[in-house]
Amino acid sequence: MSCAVATTCPYCGVGCGVVATVTGERTVQIAGDPTHPANAGRLCSKGTHLGETVGLEGRLLHPMIGDARAGWNEALDLVADRFAAAIAEHGPDSVAFYVSGQILTEDYYVANKLMKGFIGSGNIDTNSRLCMSSAVSAHIRAFGEDVVPACYEDLDQADLIVLVGSNTAWCHPIIWQRIEAARTARGTKLVVIDPRRTETADMADLHLALRPGSDVALFNGLLAGLQARGALDADYMAAHVVVPDGFRAALAADFDTASTAATCDLAASDLEAFYNLVATHPRTVTLFSQGVNQSTQGTDKANAIINVHLATGRIGKPGAAPFSITGQPNAMGGREVGGLASTLAAHMDFAADNVDRVGRFWVAQRMATTAGLKAVDLFKAVGDGRIRAIWIIATNPAVSMPDAGAVRAALAACPFVVVSDVTADTDTGRFAHVRLPALAWGEKDGTVTNSERIISRQRPFFPAPGEARADWRTLADVAARMGHGEAFGWTTPAEVFDEHCRLTAFENHGTRSLNLAPLIGLGEDGYASLEPTRWGQDREFADGRFSTPDGRARMIAVTQAPLAANTMTLNTGRYRDQWHTMSRTGLSPRLSQHRREPLLEIHPDDATRYGLVEGDLATVETAQGKSVFRVAVTDAQRPAEAFVPIHWTDRTGSGGRAGLLPGGAVDPLSGQPGFKLTAMTVSKLATEWRAFLILRGTSTVEPDCVWWATAAVPGGRLVELAGDGDPAVLETLLPHGERMTAVDPARGSLRTAVLVEGRLQGALFVARDGSLPGRDWLIAQLSESVAPVGLLAGRAPGATVDRGAIVCACFDVGARTILTAIAAQSLTTVAEVGAALSAGTNCGSCRPAIARLIAA
Ligand SMILES: Nc1nc2c(c(=O)[nH]1)N[C@H]1C(S)=C(S)[C@@H](COP(=O)(O)OP(=O)(O)OC[C@H]3O[C@@H](n4cnc5c(=O)[nH]c(N)nc54)[C@H](O)[C@@H]3O)O[C@H]1N2
Ligand SMILES: Nc1nc2c(c(=O)[nH]1)N[C@H]1C(S)=C(S)[C@@H](COP(=O)(O)OP(=O)(O)OC[C@H]3O[C@@H](n4cnc5c(=O)[nH]c(N)nc54)[C@H](O)[C@@H]3O)O[C@H]1N2
Ligand code: SF4
Ligand SMILES: [Mo]
C-alpha cells in the first residue's frame, strides 16, 4: 500500500511543496506538489533527487555518550545535570544553545522558550546569524520590524528584477524559473550585481561585476542617479518615510557617476544603463542574499537597497519590493519565534515591557533580560571558558563558522558539548560528549516558513528509525528534568504550534505585523490538514504604514566603508547540486556528478602570475588557516579574486575546507561574518603522483596522503588522491578479491582492479605523469555484473572520448555529448538541446549551463 504525503522540501528557503509516495521500507518517489503556491509542481535538481538521500546509511540512530551507546534516560539525565550544574555554579550565561534554520518552528520555539524563559539567558543563537541576520537588522532599522514585504508573485509581475549578491539559478532555482518565465511572458529585464560571472549573471541583460564590498557606493550612486533623473517619489516620502536631514542634498553632492564607477570598478556607461533601467521601471524587485548579507557592512548594504525602494515608493505594490531571500527552509520560522540571540520572541526585542509580556505569557521562571551572544562571540566565549556547556542542534559549526579552526579548538576545550543531529559522524559531532539522534526529513512533523512568509507543513512519511526523536521533544524532556515539566508538557507538535501562535497574538494590538491569531485553535485535525498559509498581507506595508511608533519607514544614511588595498581576495559560496556540509546531498550519486571536487576558481592572469594551470592543486592561505583545492582557471572571476565552495568537510576530503579561511570580523549591527572577502595568498602544491580510487558500496575512507576528496557515484564512491612517496600503500584501501595489476615503470603508472566473481569491487589508478583516464567508464563498470576484459585500459575498447563533465544531473548528460549534438544537429536554443537529448527538460537547473555551451 502506498499513499501520497504532501510535505515541504528540506533544502532552500524557496519552500517548494513536495508530494512523497512511499514505495518500500526506506524508498520514496518524489514529485513537485502542483497545488503548492511556491512551486506549482516544479522542483530543482536537489528537490528532484531527494529520494536518493533518505536511506539509513550514516544515520545516528541511538543516543551516544562518548563512543558508547546509551539509553535516552541516561543521556537526557546527563544533559540536564550538566547544564543545571553549570548554571548553579557559574550562572545562566555560562550555557548556550546554537541552533539552525533547518529545525522546525516547533523545535525552535521550544529551544527559545527554554533558554530565554527558564534558563534565563539570551545565549541561544543560530546559523541564521551567518545567513540573513544583516537583512533582519536592516528591516528593523527601516521598517521597525523584521518583515519581508514581498511575495513570489511580485517576481511574476515585475518589469525589472535586480539580483544583488545572489546566484539565484543555483541557490534558489525555482525562483529562478519564475524569473525566466516572467522574462518570457512580459519581457522583464534582469540586472545581476555580483563580482563573479555566475550562471545567473551570464543570463542577465546587464551584469555589473562590481568590486567586492562596494554595494553601498553602488546603491547610493543609484539613488543619486534616480534623483538626477527626477525618478524619486516625493509624495510617497513626504507621507510615509522619515528622511534624514540633508540626505538628498548630500546625495547630489557626493555621487557623480564617474566617482561611483571608480569606487565600484565598473564602466560609467554600465552604471548609466543601470540607472536608466531602474528610473524607467516602476515595477522593480531587488532580490538580495549572501553577497549583501555576508559582509562586514551587510546591514548598510541592505539598507542602501531598501533606501532606493522607499525613495521611489516601490514597496507594498505588485511587482515592486526589496526582497531579502532566505537560505534555509526555516530561516524565517526561526525569526518568527525569535530564535536569534538579539531578539526575544515573536518579533519582540528585549525592551522591558516585552520581557514582562513574554514572561507573563510563558509563566517564566527566569526571564533573560538582555540579548545573548551572537554566533561569533558565542564561540569565542566557549573558547575562553565563559561558556561551559553548549548544545548544538542541526548545524555543523566546525565546518561552517568563520575561522572554523578556532571554533574546533573552542569545542575541544569546552567541558560539555551536546550535539543533536541526524548524521552519526560529522566534524562537529567528533567534539561531542553526548550525541542525540534526531528525526530527519520524511520523519519529522511540524511547520516551516519560506521566504515569502508562507507557513507549510513538513509531514512524516517514514516511521522514526532506531531511537531517533523529534528535536522539540528532546528539548522538552531536558526542560522537564531541569524542573520545568509543566511549561514544557506538550504531547504533540500541534500543541507547540498553537502556543507559538498564541504568543504572536498576545497583547499584540496591531503593534506587530506577525500575528498568527487566525491559526490559533487549529486542533490536531486542523494542524494535520493545514494548507500552505501566508501570514500578514500578500504585500506588507501596502497602506504605507510601517511598524515604527510613528508608522513611518526610515531612510538610513549609509556610507561606503573603505575598501582594502589590492591584494588577492577570497570569496566563498555554493555549488548548484550540493547543500552545505553535504550530509544529505553528498549521498546522491547524481547530485555529486555536477562538481566532484572542491575547485579554486581563479582568473587566467592570476594563474599565470602564480604559475598554476588547470587541474593543478593549490594551497590557499589566509591569516586564519590554509586548505588545498583543485585549480580551475576561468575568466568568470575578476583578476585578483578567487572563489571556493563551502561544502567539503573532514569526512569528504583533506582539502577544500573553506571554513578554515575566513576571519571572524562581523557586521557591527548584525554580527554577521564577512564570509565573502578575505585576504589570501595562493601557491602551487606539487605532488609526485596523482591517483583515483573507485570503491563499491557506501563505506567511507580517509586516506593518508597529501590530498584527497571523495564523492558518491552510482554503486559506490570515487576518491581523487595526490601524494608523494610509494603509492603502493594505497592498495591497502582496496577490498579483498581477485587482483589484476598493470605497472608501467617508464610512465610511473600503477593500475589495479579487484574483482569478486567477475564483478568490479574496486580499482586504483596511479600516474606520475598526470595521465589518468576519465573516471566515468570505470565507474559505470560498478553497475555491470561482469567486468569487461581490458578493464585496466580504463576505457571501453575502441572508445576515445568520454561524455565530459555532467551538465544535466536528471538525465545524466555530459558537456561533450551536448557540444557534439549542438555541432552535429546545428542546435541553437536550450529547447532544441532539450528536444534532442532531454537535457534540461526536467528540473531545469542546468539550463543556464546549456545556454553557455550553445554560446561557446
Ligand atoms: N545549491 C545550493 N543552494 C542553496 C544552498 C546550498 O548550500 N546549495 N544553501 C542555501 C542557503 S542557507 C543560502 S544562505 C542561500 C545562499 O544563496 P546565494 O546568496 O545566492 O549564494 P552564495 O553562493 O553564498 O553567494 C551569492 C553570490 O554573492 C556574490 N558576492 C560575493 N561578494 C559580493 C559583494 O561584495 N557584492 C555582491 N553584490 N555580491 C557578492 C558571490 O560571488 C556569489 O555568487 O542558498 C540556499 N540555497
Ligand atoms: N565560508 C562560508 N561559510 C559559510 C557560508 C558561506 O557562504 N561561506 N554560508 C553560511 C550559511 S548562509 C549557512 S546557512 C551555514 C550552513 O552551515 P551548517 O548549518 O553548518 O550546514 P549543514 O550541513 O546544513 O548542517 C546541518 C546539520 O544538521 C543536520 N540535520 C539536518 N536535519 C536535522 C534535524 O531535523 N535535526 C537535527 N538535530 N539535525 C539535523 C545535518 O545532518 C547536518 O549535520 O553555513 C555558513 N557558512
Ligand atoms: S528550489 Fe529546489 S532546493 Fe529549493 S525548496 Fe525548491 S526544490 Fe527544494
Ligand atoms: Mo544560509
What residue among Ala304, Ala181, Met237 has its Cα farthest toward the positive end of the dipole of region 133-324, where the charges are +1 on Lys, Arg and -1 on Asp, Glu, each on the Cβ? Ala181
Please work out the ratio of the alpha-carbon Rg of region 569-685 to 2.2 N^0.38 Å and round it to two decimals. 1.05
What is the projected area of the convex hull of the Cα atoms of region 674-787, averaged over all directions, in nm²? 8.9 nm²
Given N residues in region 4-53, what is Rg(Cα) / (2.2 N^0.38 Å)? 1.04
Shape call for region 133-324 from the C-alpha gyration tensor, a ≥ b ≥ c root eigenvalues: rounded (a/c under 1.5), prolate (a/b greater than b/c) or oblate? rounded
Region 472-623: C-alpha pair distances exceeding 19 Å, %: 77 percent
Please report Val729, Val448, Val241 as a ranked list, fewest other C-beta atoms within 10 angstrom at the top and most at the bottom. Val729, Val241, Val448
Taking the convex hull of the alpha carbon atoms in region 457-508, what volume per residue do you get, in Å³? 93 Å³
Just to be sure I understand the model, the point goes 7 Å from the Cα along the line to the Cβ. What's the resulting Ala351 to Ser683 distance in nm? 5.6 nm
Rounded to 0.05, the calculated FRET efficiency for the beta carbons of Glu832 and Trp72 at R₀ = 51 Å is 0.30
Fewest to most neighbouring Cβ within 10 Å: what's the order for Arg453, Arg386? Arg386, Arg453
Surrounding net charge for Tyr152, when Lys and Arg each add one and Asp and Glu each subtract one, Cβ distance under 13 Å: 0
In what order do Ser342, Ser683 fall by count of nearby beta-carbon atoms within 10 Å, going from fewest to most? Ser683, Ser342
Quick one: dipole size for region 774-856, taken about the Cα centre, charges +1 on Lys/Arg Cβ and -1 on Asp/Glu Cβ, in debye to the nearest 20. 180 debye
Only helices counted: for the chain, with every DSSP H run of 4 or more residues adding -39500 (n - 2.57) and the sum spread over all residues, [θ] at 222 nm is -8000 deg cm²/dmol
Starting at the first residue of region 485-500, write each ³J(HN,Hα) from the Karplus equation 6.51 cos²θ - 1.76 cosθ + 1.60 with θ = phi - 60°, in whole Hz, x for Gly and Pro. x, 5, 6, 10, x, 4, 10, 9, x, 4, 5, 5, 4, 4, 5, 4
Of Phe416, Asn167, Gly611, whose Cα points farthest to the positive end of the dipole of the chain (charges on the beta-carbon: +1 Lys, Arg; -1 Asp, Glu; origin at the Cα centre)? Gly611
For region 569-685, build the charge dipole from Cβ charges (+1 Lys, Arg; -1 Asp, Glu) around the Cα centre, then report which of Ser683, Val628, Ala642 sits farthest towards its positive end. Val628
For region 514-593 versus region 674-728, the gap between their alpha-carbon centres in whole angstrom: 35 Å
Per the Cauchy relation, a quarter of the hull surface: what is the mean projected area of the convex hull of the alpha carbons in the chain, in nm²? 35.1 nm²
The chain, relative contact order in percent, only Cα pairs under 8 angstrom and at least six apart counted: 15 percent
Restricting to lysines 8 or more places apart or on different chains, can you count the pairs in the chain with Cα atoms under 25 Å from each other? 19
If packing is taken as the mean number of other Cβ atoms within 10 Å per residue, what is the order of 781-789, 324-332, 57-65, highest first? 324-332, 57-65, 781-789
How big is the Kirkwood radius of region 694-740, worked out from every pair of different alpha carbons and given in Å to one decimal? 11.6 Å
Please give the charge dipole size of region 569-685, origin at the Cα centre, charges +1 on K and R Cβ atoms and -1 on D and E Cβ atoms. Round to the nearest 20 debye. 440 debye
Explain nothing, just the number: dipole magnitude of the chain about its Cα centre with +1 on each Lys and Arg Cβ and -1 on each Asp and Glu Cβ, in debye rounded to the nearest 20. 560 debye
So if each residue of separation counts as 0.36 nm, and I subtract the Cα-Cα distance between His509 and Ala480, what length gain in nm does that give? 7.1 nm
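Every number in this text was worked out from the coordinates using simple rules, so none of it is lab data. It should be emphasised that the depicted structure is a prediction, and the values quoted were computed from it without experimental measurement. When we count neighbours, we look across all protein chains shown, and the Cβ atoms used for this are built from the backbone with ideal geometry, even at glycine.
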